[in-house]
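In what follows, a structure is listed as structure tokens, so that the remarks can point back to it.
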Amino acid sequence: MFIISLTYIKPLEEVDALLEEHVTYLKEQYTLDHFLASGRKVPRTGGVILARGTTREEIETIITLDPFYRHHVAEYEITEFSPTMSVDELEFLRE
């Protein structure tokens, strides 16, 4: 399990210009069963993605497909973790 934290490094106008393409990318990753949840940071300085992948390298490859990455409007921090506890509704996340 991975937490991907995006931080915008360009003005929001540049981020917004790529937003539709970014949403298409997110939807594709959900369809491929890579992403479990995503959303904006509050305040809007970036976003967070909860992802599953077999390796960090796989997640790094998936990130390179993001238009925000390709156009250098965001930086990415990847944190791997092993969920051992959760509410019952998220039991499927536990390892």
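Brief remarks on what is shown
- Conditions (1) closer than 27 Å to residue 91 by Cβ; (2) out of contact with any strand residue (DSSP E or B) (no Cβ under 7 Å at 6 or more places or on another chain); (3) among the polar types (S, T, N, Q); number of the one not met by residue 38: (2)
- Residue list for region 66-78, filter: surrounded by 12 or more Cβ atoms within 10 Å (Cβ to Cβ) and not hydroxyl-bearing (Ser, Thr, Tyr): 66, 67, 68, 70, 71, 73, 74, 75, 78
- Any hit, region 79-92, residues being among the hydroxyl-bearing types (Ser, Thr, Tyr), outside any strand (DSSP E or B), touching a residue at least 40 places away in the same chain (Cβ under 8 Å) and surrounded by 15 or more Cβ atoms within 10 Å (Cβ to Cβ): no
- Residues located in region 69-89, provided they are farther than 14 Å from residue 51 by Cα and of a type in the set (A, V, I, L, M, F, W, C): 73, 74, 85, 87
Bear in mind these aren't lab numbers, they're just calculated from the coordinates by the rules spelled out. Source: prediction; values computed, not measured. Quick reminder, even Gly has a Cβ in these numbers, built from the backbone with ideal geometry, and neighbours come from all protein chains shown.
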